[in-house]
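A short worksheet on the structure shown next.
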Amino acid sequence: MKTGIILMNLGSPDSTSVPDLKVYLKEFLMDERVIDKPLWLRTLLVKGIIVPTRAPKSAEAYKTIWWEEGSPLVVLTERLQKALQEKVAEPVEIAMRYRKPNPKTAYDNLLKKVPGLEEVILVPLYPHYAMSSWETAVVYMKEIHKNTITVSS
């Protein structure tokens, strides 16, 4: 069977700048599985209250942990990818549920590396099941797979 592996982590802003934090927080917090409220209320909370007040504070907090190579979460996930790739024959890609590298890019990279790809093993890198982490990652990847199959057919 032609198989590929995607390691998926939560995500990270692209930088420690306030505009990048705003983009990241909006993408993350507007997910209905993260804030389980009707769209109108979630939009009001996220775009009207949380992002404007939280982005500057989060930017400062990220500056205290940011590495020279970039986001610690992205860098550590890349290191895990390299270590796993040394142990398995299947190609290993990484994705962040929110921001970059995005899941669609990881899936497309596998399709390029494995013509006739039949199976993708998604490994959500979360310590436990939660609707706001594991479930959103799995559901999102199923949508990408379904849309890719529909477009290809």
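The values are calculated or read from the model by the stated rules, or taken from the named source; none is laboratory data. Predicted, not measured: the structure shown is a model, and the values here were computed from it. Note that each Cβ is placed from the backbone with ideal geometry, even for glycine, and that neighbours are counted across all protein chains shown.
Among residues of region 112-137 being part of a helix (DSSP H, G or I) and surrounded by fewer than 15 Cβ atoms within 10 Å (Cβ to Cβ), the one that is modelled with the lowest pLDDT is M131. Take A83 and decide whether it is free of Cβ contacts under 8 Å to residues at least 24 places away in the same chain, surrounded by fewer than 17 Cβ atoms within 10 Å (Cβ to Cβ) and under 14 Å from P13 (Cβ atoms). Considered against the rule, which asks whether it is free of Cβ contacts under 8 Å to residues at least 24 places away in the same chain, surrounded by fewer than 17 Cβ atoms within 10 Å (Cβ to Cβ) and under 14 Å from P13 (Cβ atoms), A83 comes out as no. When you look at V51, is it surrounded by 15 or more Cβ atoms within 10 Å (Cβ to Cβ), over 28 Å from K2 (Cα atoms) and among the hydrophobic types (A, V, I, L, M, F, W, C), yes or no? Against the criterion (surrounded by 15 or more Cβ atoms within 10 Å (Cβ to Cβ), over 28 Å from K2 (Cα atoms) and among the hydrophobic types (A, V, I, L, M, F, W, C)), V51 qualifies.
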